[in-house]
1. Counting just the residues of the stretch 129-155 that are out of contact with any strand residue (DSSP E or B) (no Cβ under 8 Å at 6 or more places or on another chain) and not in a loop (DSSP other than H, G, I, E, B), which one comes out surrounded by the most Cβ atoms within 10 Å (Cβ to Cβ)?
2. Run PRO43 past the list (1) under 16 Å from the mean Cα position of the chain (by Cα); (2) farther than 23 Å from GLY167 by Cβ and report the number of the one that doesn't hold.
3. Filter the stretch 49-71 down to residues that are more than 12 Å from PHE138 (Cβ to Cβ) and among the hydroxyl-bearing types (Ser, Thr, Tyr) and give me whichever is surrounded by the most Cβ atoms within 10 Å (Cβ to Cβ).
4. If the requirement is being crowded, with 16+ Cβ neighbours inside 10 Å and not charged (D, E, K, R), which of these qualifies: PRO124, PRO108, PRO158?
5. Against the condition modelled with pLDDT of 95 or more and hydroxyl-bearing (Ser, Thr, Tyr), how does TYR58 come out, does it pass?
6. If I ask for residues that are more than 16 Å from ALA114 (Cα to Cα) and either free of Cβ contacts under 8 Å to residues at least 60 places away in the same chain or in contact with a Pro (Cβ under 6 Å, 6 or more places away or on another chain) (or both), which ones from the stretch 47-80 would you list?
7. Determine whether ARG133 is within 19 Å of TYR58 (Cα to Cα) and out of contact with any helix residue (DSSP H, G or I) (no Cβ under 6 Å at 6 or more places or on another chain).
Amino acid sequence: MIPGFIAKKSLPALAAVLLALACLALGLPALAENPLGRGQTMPDLELPMPENAAQAQYLGLQPGGASFRLSQIKKPWLLIEIFNMYCTICQREAPRTNQLYQAISQGPLGRRLAMLGIGAGNSPFEVNAFRNRFRIAFPLFPDADLKIHEALGEPRTPYYILIKLGGPQLRIVLANLGRFGEPADFLADIEQALRAD
């Protein structure tokens, strides 16, 4: 049994640890966030070149370089999912996200809209583990040092951003924090945002 005076002194530290673990498990940052949203400019992020040639081709990239920027993607629209492999919501939403990707890639939007995911705080090993566990077909990229996550305003996960590519700046035309509901409904929201832009 722990002596009472030790337990009392340890309670604040224990509470802080439990809060941090809860935030990590839910994919929530411990501090308040201010994510980029609709109408704002998207930073032209630099990501590692996909090792898989088919995924590089899907994004319209010429394989061979070490990295690429979002502005180099050869489609007019891009949907990004910010996820964390330990985020329970991200895990539960993975089948729906796969369904959304299939609906986009197999429908008329497939020629104009690409999709990728960024693992906030995840190493390449963790991103690959998430990809394999949930059979994610679209390209996923690590953000182990959280630099991308910070540049996006530290959004909670999952966070979906629809970006218009091309032109002098990348522009966010739709943002969704958390679950997006039925894939067909979110796809309708995406189509409406594209028509309105």
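1. PHE134
2. (2) is the only condition that PRO43 fails.
3. First, the residues of the stretch 49-71 that are more than 12 Å from PHE138 (Cβ to Cβ): 49, 51, 53, 56-57, 60-71.
Add one more test, that the residue is among the hydroxyl-bearing types (Ser, Thr, Tyr), and what stays is 67, 71.
Numbers: SER67: 10, SER71: 15.
It comes out as SER71.
4. Details: PRO124 fails: crowded, with 16+ Cβ neighbours inside 10 Å; PRO108 fails: crowded, with 16+ Cβ neighbours inside 10 Å.
Matching residue, one of PRO124, PRO108, PRO158: PRO158.
5. Details: modelled with pLDDT of 95 or more: no; hydroxyl-bearing (Ser, Thr, Tyr): yes.
Here the answer is no, as TYR58 does not meet what is asked.
6. Keep residues of the stretch 47-80 that are more than 16 Å from ALA114 (Cα to Cα), which gives 48, 51, 63-67.
Once the filter is applied, which keeps residues that are more than 16 Å from ALA114 (Cα to Cα) and either free of Cβ contacts under 8 Å to residues at least 60 places away in the same chain or in contact with a Pro (Cβ under 6 Å, 6 or more places away or on another chain) (or both), the stretch 47-80 yields GLU51, PRO63, GLY64, GLY65, ALA66, SER67.
7. Numbers: within 19 Å of TYR58 (Cα to Cα): no; out of contact with any helix residue (DSSP H, G or I) (no Cβ under 6 Å at 6 or more places or on another chain): yes.
When the stated conditions are applied, ARG133 does not pass them.
The values are calculated or read from the model by the stated rules, or taken from the named source; none is laboratory data. This one's a predicted model, so the numbers in the text were calculated from it and none came from an experiment. Reconstructed Cβ throughout: ideal geometry from the backbone, glycine too, with neighbour counts over all protein chains shown.
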